[in-house]
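Presented below is the structure to which this report refers.
The values are calculated or read from the model by the stated rules, or taken from the named source; none is laboratory data. Just so it is clear, the model here is predicted, and its values are computed rather than measured. Counting neighbours? That spans all protein chains shown, and the Cβs are built from the backbone with ideal geometry, glycine included. All accessible areas refer to the heavy atoms of the entire protein, side chains included, with ligands and DNA or RNA removed. Shrake-Rupley method; radii C 1.70, N 1.55, O 1.52, S 1.80 Å.
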Amino acid sequence: MKVVNLLAVVEAEKCKGCRTCERVCPVLAIKVVNRKAVVDAARCRGCAACEQRCPDYAITMAKRDEPVVVAVSTEGLDYAQVVDLCRRARLHPEQIVCYCTATRAEEVAAAILRGARSPEEVSFMTGARTGCKVECIQPILRLLEAAGVTPAPPKGGWQWYGRTPTVWEIPEGVKQKYTGRGFYFDEDIKLLNRVIEAPLQGGSDS
Amino acid sequence: MRPPIPPIPPRKSQYGIDPSLVKKRVCELPGMTSVLLKDLFPDLPEVIYPGGEGVAAVRRATEEALRKVDMSRIKPEHSVNILASHHGFTLLGGEPYAEMLKTIKDVVEARTGCKNIRLRAGVGLRFRETEEYIKRFGLDEYFHGKAAGVAPIDEGIPIETEIGTLYGIKKVYDADWIIHAHNSDVREVHFHRQVDRAVKPFGMSYARIETRSTYHQNLGPRAANFTARAIFDSPFVQSKFAFACFLMVAPNGIMGVDADNDLYALNDRVTYLGCRYYGKMMTLFGEIDECIVALDFPCPVVYVFSAGVIYANFAGANTDLYDLDNPLPGYTWYTEAFYGKRGRPLLDDVPPLNPAIKMCVHNYAWTGYPSAFFSEHIPTVVVGWEQAELFNRDPQNLNYMKHAVVAETTEAAMEFAYKVTGTRKVLIFDGAIGGINLSEPLAEFLLKKAPAVSERVENELLPKWLRQRGVDLSHLKQ
Ligand code: SF4
Ligand code: SF4
């Protein structure tokens, strides 16, 4: 869940049409049209990626008069399916996957069960990955993959390139090679497995 | 008791309130004093900065350290990227790090005849932060317009590693050679656990979001920093790596500069110094039984520091962050992720945030790092409506003020904290150089505890920490 209280605003005179903003927007809400960037206000999730990367400082973040709440509820879904999807992605359903918005794995799973087919759609529906834009791409890709979805990165964009390895996939040979150098792969696997299997707390979000 | 040490002044930045709004520093309030780190731990090293010579001492130390480095593969017609990171610019005001970067450029140019030397400065989660430092320290002119801030959402490149494909920032690697210009300050011990600290930027400030997310979500709390090693060891990075040059930092200042063609040899030295000097400071802070924490430094909530210890690490000082037998600190992103919907940890053995912190007075700290976990679990008073509003406008902190209250002045915030907590022990995170600003009762407490802590670290903890990391002691003799 995210309360979107900001909106990207382009100063057309400063915009040089370089498309950087288009390439970094995690929800594809800004596009260059006739050599000027244009924001789709209804899509913008107020993440400031475009504002932070525009080489010409042509974008500012304005406070929205009416904040928009974006959230995907698990209500109406078979919760067993939500749990199953999270566990297949090796995540606990209540585990936080986006630290900025405190989005839990179950909400991303619910978005996927409701039809999200790419990280961009997940972010648009849940607000996840519209805070720091950095740390939460992998659990989103893992959840999509666990649902049998293989999204393609936006063409020409820099939004994301691919899923990367998890600790369960580290080759035995690599583990052996670095044993004694302070990397605790197997112990981390045990810890993460315990988290995945931990009981649900349920109830309303704290 | 000593007077407080002048704290690092507020700095103009898009991530913090305007310096004019910081009307009072916490150390200026009645009852505040300071202790010198050397009075706590007399074995702390001698430092070259701060000192009478200023940054000239850093230049000399850099030139000296680079003498033993082999630069013969860099040819006049080549291009070189000096890789920097934001964090160095937060150390002791930033000048020493900027001076080291300038000196590396000068020495490489003089020794190799190479003129195409660029600066690429990576960031954490504030994508324009190093742009601000590049301007502030005149690095753009110094590098003839070839200094750029790079961010993890910039164009990337795949890097094949022994665990699979990871991703780096294209502009970091767009030269024939890279020079890794960093520092040994420990900073986020909760994340890297002092394992391959010297290698970390390859998995972080030089890396794309895919890699950083691997670190924080895919590997686990004690395997995370392997992402950095995987990237650094890749044939691609090895084919470009020229050498590393580090500002060697202790809690009390800059010890010197170290440089090496072998990053792992340098890493062992960094590990030893980090465990020994910062380990003592953190162990001492772990002894604190109760206190009010005051944040008063120009950087995000988690990174404000006191005696080289960042707030995020004090918030986890109830467990030994250096002891790799402990799977989870009280704060790390993995820990934060493991709190369920009722606000309780999903596992019973997840340690709480340091219960000694009775209240946090946020006098001055920046946005640009997700910090709501702290205000959710530690009673927090933010000084000034402008600062509260800045957090409400930060996409990374939309929940921070949900859990914090606002006081109009520093005095009112501290009065409130004293009344509610009943403690007079105050630890101020204001980056005071060479010492700690704090309240008198806490100063007495720390001075009393320090000798026993020092002995325990030397005899018991340090040997264990180094053993856990397989540190090669022969590298330390160099
Ligand atoms: S990044 Fe800036 S200059 Fe480039 S297209 Fe977008 S708004 Fe225009
Ligand atoms: S979602 Fe983010 S990147 Fe996209 S237009 Fe809005 S603020 Fe810019």
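Counting only protein heavy atoms and a probe of 1.4 Å, the accessible surface of chain B is 52% carbon and sulfur. Computed with a 1.4 Å probe over protein heavy atoms only, the accessible area of B:HIS78 comes to about 40 Å². Mean partner shielding of peptide B:369-375, defined as the number of other chain Cβ atoms within 10 Å of each residue Cβ, is 3. Since only A:TYR161, A:GLY76, A:MET125 are under comparison, the one whose Cα sits farthest along the positive direction of the charge dipole of the protein assembly as shown, derived from C-beta charges on Lys, Arg, Asp and Glu, is A:TYR161. The listed residues A:GLU106, A:GLU66, B:GLU95 rank as A:GLU66, B:GLU95, A:GLU106 when sorted by accessible area, largest first, using a 1.4 Å probe.
Counting only protein heavy atoms and a 1.4 Å probe, the protein assembly as shown has 34 square angstrom of accessible area per residue.
Normalised by 2.2 N^0.38 Å, with N the number of residues, the alpha-carbon radius of gyration of chain B equals 0.94.
Across the range B:367-381, computed HN-Hα scalar couplings (Karplus, 6.51 cos²θ - 1.76 cosθ + 1.60, θ = phi - 60°) run 8, x, 7, x, 10, 4, 4, 6, 6, 6, 10, 10, x, 10, 10 Hz from first to last residue, x flagging Gly and Pro. When Rg and the Kirkwood radius Rh are both evaluated on Cα atoms of the range A:17-56, their ratio Rg/Rh stands at 0.91. Buried surface between chains B and A: roughly 6500 Å² of accessible area, summed over both sides, computed with a 1.4 Å probe on protein heavy atoms only.
Dividing the summed helix terms, -39500 (n - 2.57) for each DSSP H run of n ≥ 4, by the number of residues in chain B produces a 222 nm estimate of -8500 deg cm²/dmol to the nearest 500.
Dividing the mean sequence gap of close Cα pairs (under 8 Å, 6+ apart) by how many residues the range A:12-51 holds gives a relative contact order of 40 percent. Roughly how many Å is it from the Cα centre of the range B:413-478 to that of the range B:326-358, as a whole number? Answer, in whole Å: 22. Is the protein assembly as shown best put as rounded, prolate or oblate by its Cα gyration tensor, with a ≥ b ≥ c the root eigenvalues, rounded for a/c under 1.5, and otherwise prolate when a/b is larger than b/c, oblate when not? Taking the square roots of the gyration eigenvalues as a ≥ b ≥ c, the protein assembly as shown is rounded.
Considering only alpha-carbon pairs that sit under 8 angstrom and 6 or more positions apart, the relative contact order computed for chain B is 20 percent. For the range A:138-183, the carbon plus sulfur part of the accessible surface works out to 53%, probe radius 1.4 Å. Panel values: chain A, Kirkwood radius from alpha carbon pairs, Stokes-Einstein at 4 °C and 1.567 mPa s, translational diffusion coefficient 70 µm²/s. Projection of the Cα convex hull of the range A:79-196, averaged over all directions and equal to a quarter of that hull's surface, yields 8.2 nm². The alpha-carbon of B:LYS24 sits under 25 angstrom from the alpha-carbons of these lysines, leaving out residues fewer than 8 places away in its chain: B:LYS12, B:LYS358, B:LYS402, B:LYS419, B:LYS425. B:GLU440 exposes around 80 Å² of accessible area when a 1.4 Å probe is run over every protein chain in place.
List the residues of the range B:155-170 for which accessible area in the full set of protein chains is at least 40 Å² lower than for the chain on its own; 1.4 Å probe, protein heavy atoms only. In the range B:155-170, residues shielded by partner chains: B:GLU155, B:GLU162, B:ILE163, B:TYR167.
Magnitude of the charge dipole for the protein assembly as shown, about its Cα centre and with charges confined to Cβ atoms of Lys, Arg (+1) and Asp, Glu (-1), is about 1200 debye. Principal axis extents of the Cα atoms in the range A:1-96, from largest to smallest and rounded to whole angstrom, are 52, 29, 21.
Looking at the range A:30-107, which chymotrypsin sites (Phe, Trp or Tyr not before Pro) are DSSP coil and have at most 15 other C-beta atoms within 10 Å of their C-beta?
Filter output for the range A:30-107: A:TYR57.
Compared with its chain on its own, the range A:74-104 contains the following residues whose accessible area drops by 20 Å² or more in the full protein assembly (probe 1.4 Å; ligands, DNA and RNA excluded): A:GLU94, A:GLN95, A:ILE96, A:TYR99, A:CYS100, A:ARG104. In order along the range A:64-76, the Karplus-derived 3J(HN,Hα) couplings, from 6.51 cos²θ - 1.76 cosθ + 1.60 at θ = phi - 60°, round to 6, 5, 10, x, 10, 8, 10, 7, 10, 8, 8, 4, x Hz, and Gly and Pro are given as x. Calculated from the alpha-carbon coordinates, the range B:56-250 shows an Rg and a Dmax of 15.7, 45 Å respectively. Applying 1/(1 + (r/R0)^6) with R0 = 41 Å to the Cβ-Cβ distance of A:ASP186 and B:ASP70 gives a FRET efficiency near 0.60. Averaging the sequence gap over all C-alpha pairs within less than 8 Å and six or more residues apart, then dividing by the number of residues, gives the range A:79-196 a relative contact order of 24 percent. Whats the longest run of chain B with zero GluC sites (Glu not before Pro) that are DSSP loop and have at most 13 other Cβ atoms within 10 Å? In chain B, the maximal stretch lacking such sites is B:78-407.
Among the trypsin sites (Lys or Arg not before Pro) in the range B:382-478, those located in a DSSP loop and surrounded by at most 10 other Cβ atoms within 10 Å of their own Cβ are B:LYS477.
Counting only protein heavy atoms and using a 1.4 Å probe, the accessible area of B:MET281 comes to about 0 Å².
Helix-only arithmetic for chain A: the sum of -39500 (n - 2.57) across DSSP H runs with n ≥ 4, divided by the residue total, places the mean residue ellipticity at 222 nm at -8500 deg cm²/dmol. Close amide H contacts of B:ALA121 (hydrogens built in the peptide plane, cut-off under 5 Å, sequence separation of 5 or more or a different chain): B:ALA84, B:ALA148, B:GLY149, B:VAL150.
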